[in-house]
1. Provide the gained length on full extension for the span SER246 to VAL534, in nm with one decimal, where the gain is 0.36 nm per separating residue minus the Cα-Cα distance.
2. Full extension from TYR153 to MET1: what is 0.36 nm times the residue separation minus their Cα-Cα distance, to one decimal in nm?
3. With +1 on each Lys and Arg Cβ and -1 on each Asp and Glu Cβ, how big is the dipole of region 10-200 about its Cα centre, in debye rounded to the nearest 20?
4. Using a Förster distance of 45 Å, how high is the FRET efficiency between GLU471 and THR174, based on the Cβ-Cβ distance and rounded to 0.05?
5. Treat each spin label as a single point 7 Å out from the Cα along the C-beta direction, and report the GLN216 to LEU495 distance in nm.
6. Treating only the Cβ atoms of Lys and Arg (+1) and Asp and Glu (-1) as charged, compute the dipole magnitude of region 196-321 about its Cα centre; round to the nearest 20 debye.
7. In region 431-509, which trypsin sites (Lys or Arg not before Pro) fall in coil by DSSP and have 16 or fewer other Cβ atoms within 10 Å?
8. Let me check against my output: what whole-number percent is the relative contact order of region 192-246, with C-alpha pairs under 8 Å and at least 6 apart?
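Bear in mind these aren't lab numbers, they're just calculated from the coordinates by the rules spelled out. Since we're looking at a predicted model, the values are computed, not measured. As a convention, Cβ positions derive from the backbone with ideal geometry for all residues, glycine included, and neighbour counts pool all protein chains shown.
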Amino acid sequence: MKDIIQLLPDSVANQIAAGEVVQRPASVVKELMENSIDAGATKIQIILKDAGKSRVQVIDDGKGMSPRDARMAFERHATSKIATAHDLFHIRTMGFRGEALASIASVAEVEVKTKRAGDELGTYLFIADSELKRQESTRCNNGTNLLVKNLFYTVPARRKFLKSDAAELRNIVTGFLRVALTAPRIAFTLVNNGEELYNLPASGTRQRVVNVFGKQIDARLVPVHCETGIVSIEGFTCVPRHAKKSYGEQFFFVNNRFMKHAFFHKAVQEAYSGLIGHEMIPSYFLYLTVDPSTIDVNIHPTKTEIKFQDETAIFQILLASIRESLGKFNITPTIDFDTEGKVDFPVQEEHDEPPKVPSVEYNPGYNPFHYRSSLSRADSDFDSPVERQVDPSGAPARWEKLFQGLEEHGQEVQTEMPGMEEEQETRDGGGTFVQWNGRYIVTPARSGMIFIDQKRAHERVLFERYLESLEHRQVQGQKSLFPETIEFAAGDYLLVKELQGDLAFLGFELVEGKEKEFVLYATPPGLSYARGQVVLLDLIEHYKNTEHPVKEEMKRNLALSMAKAASLSYNTPLDKEAMGELFRDLFACKSPGYTADGRTIVHVLQADEVNRWF
Ligand code: ADP
Ligand code: MG
């Protein structure tokens, strides 16, 4: 019998490779842009026709190619970027596989004009079907002007799989921006069918982000900067209240290459935990630099996932440095009582460990449901805080510094508060509180007027307490003498069954009866039994309607649902003491600025703004 194995002709081999490298016009644009960057261009123009289906032209002012190099560039595995296997682990260029041009030339017609700065004449090449059809000398500018025509004309089946022009163009823009964001010092223009879509002048990184995403983003950016032995991180995240419900402004780069990294994304998300709702996604533009030998370089050309050696460490470093940045640049200044450049936030010097978050004071006997003047101080747990979280350096936790700020800045301190211990007075934060519009607690500070949404504030306080009790201790429910039976719909019944244990931590004692029934024996302290029933049903309802994809999120959700159901409503009159207490409780929270689902609790009407009125 005859041997049957043969080598594939180059054109076929290249087409197969092209299946991986060149999937759509966007891949061509990306590869050519990267080549221009690698060639040291300072200006790159991209001109498309029909979203690249008819033409992709990329013009750069880079170093150009000699006649031989220009020809060689279209050979498979032809690259000027690596010479030895050792080089593979020290890649600093965007491309290195030497496949892009060969692949493109196997599925499209390519024309090139290229000239090196020192040469008088440049080279013109025409390649089709992986074959050099024409080569001649030509007059042209320094740099490379590469035109790709009739993409996939050799593989009609692939052409059919292309999407609408609008969809292909969207893909191109996505890829274009990923590259443009890694090279702010290079000017880029992108034109489709004669229409200029982007014109990005050479600039710094921040300005590039602003030029791409619009002026309004400038004020929202929070710089991140961190250098460690393992990784250095530069870039920006955004202030929490501008987190969005959808993806689109999340960018990680490693050694100047765009990457997707679900695990690192989690680190960012976690840095915002408590500052934004869990369905909200912060924008970020983070540039990581690592030793190239610590990442997997054998990256598939179209894949954007990258493996890191020190993934867990980098996770922690990301988390810590973003938290620190948010602390420095966002939260503190908005409620800072003295804005003269003194930010009383314990700045983390070392990034080896994530920052310690002050823990919440908690008293299991505390009745969180009533902020009333009738609340007797003797009964209140505030006279005996269970634990006072103090910074290891001896400095008070960050929010307490705010109170010190208040005092130092000459707020009136009410001295006559019967039954209160001294420490309490100093923590009272001034004591001038006005309830306004049935909704806001208003109190003056040096830098302006603080407005607090009473319901949201209470929700935050309750949320942190509930979360704490869910995580650590059991609350004694109040037993009812006449426990009632609650019948649940099929779905709810299963949910209650699943949550039964956690509900018990909150003080709901439920025992399964017959026929999808539960008997409610006890409700959380501070709720009447009747109110407890309502809160239970409300919280199940809220819990059901929230997405809770991961197990760890469950407790947060439960705590949030419960806090929402049990929090003080608007138009509940509050007297001064009740307001003061809520104020203190709020600022004892880990994240007083926002509700757990990301709504603003506190706003400071800046003195400057008021002054401008007059
Ligand atoms: P790779 O970028 O992986 O090396 P390519 O097929 O994309 O492979 O390019 C092959 C080679 O052609 C590059 O290594 C480079 O030497 C040369 N080249 C490609 N594009 C340009 C350009 N715009 N300017 C100068 N040289 C280029
Ligand atoms: Mg390349």
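1. 100.3 nm
2. Details: separation 152, 0.36 × 152 = 54.72 nm, distance 3.80 nm.
In short, 50.9 nm is gained.
3. Working: 27 positive and 23 negative charges, 48 e Å.
Magnitude of the dipole: close to 240 debye.
4. Numbers: r = 40 Å, r/R0 = 0.89.
The pair GLU471/THR174 has a calculated efficiency of 0.65.
5. 3.4 nm
6. Values: 12 positive and 12 negative charges, 90 e Å.
Value, rounded to 20: 440 debye.
7. Working: sites: ARG439, ARG446, LYS455, ARG456, ARG460, ARG465, ARG473, LYS479, LYS497; in loops: ARG439, ARG446, ARG473.
Passing sites in region 431-509 are ARG439, ARG446, ARG473.
8. Working: 39 pairs, mean separation 12.7, N = 55.
It rounds to 23 percent for region 192-246.
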